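A short write-up of the structure that comes next.
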Amino acid sequence: MHLHYKGFRIVPGARTVFNGFIASAVVRARHGNARFDIHSTEHSSGELALFGTADEAFGCAVGWGFSWVDHKH
């Protein structure tokens, strides 16, 4: 799943680990975003935090993506 936001594509994720879920996200410029070079712009959150449910982890990843775009836009 991915989201489109202000010319970017946010790809949130929730990876299963031993005792919960790790949130992470990748943000990429969408094709046609003249402000950023589409071939060199990809930003990864790395591992954000551990959560008890996949929904919580996913929500954190989405929030990180929105925040990153808002600070760059």
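Which ³J(HN,Hα) values in Hz, rounded to whole numbers, follow from the phi angles of segment 6-20 under the Karplus curve 6.51 cos²θ - 1.76 cosθ + 1.60, where θ = phi - 60° and Gly and Pro get x?
6, x, 10, 10, 9, 10, x, x, 9, 9, 6, 10, 3, 10, x
Convert each backbone phi in segment 54-67 into a coupling constant with the Karplus relation 6.51 cos²θ - 1.76 cosθ + 1.60 (shift: θ = phi - 60°), then list the ³J(HN,Hα) values in order as whole Hz, x for Gly and Pro.
Along segment 54-67, the couplings run 5, 4, 5, 5, 4, x, 5, 5, 4, x, 4, x, 4, 4 Hz.
No value in this document is a laboratory result; all are computed from the given coordinates. As the structure is a prediction and not an experimental result, all values here were calculated from the model.
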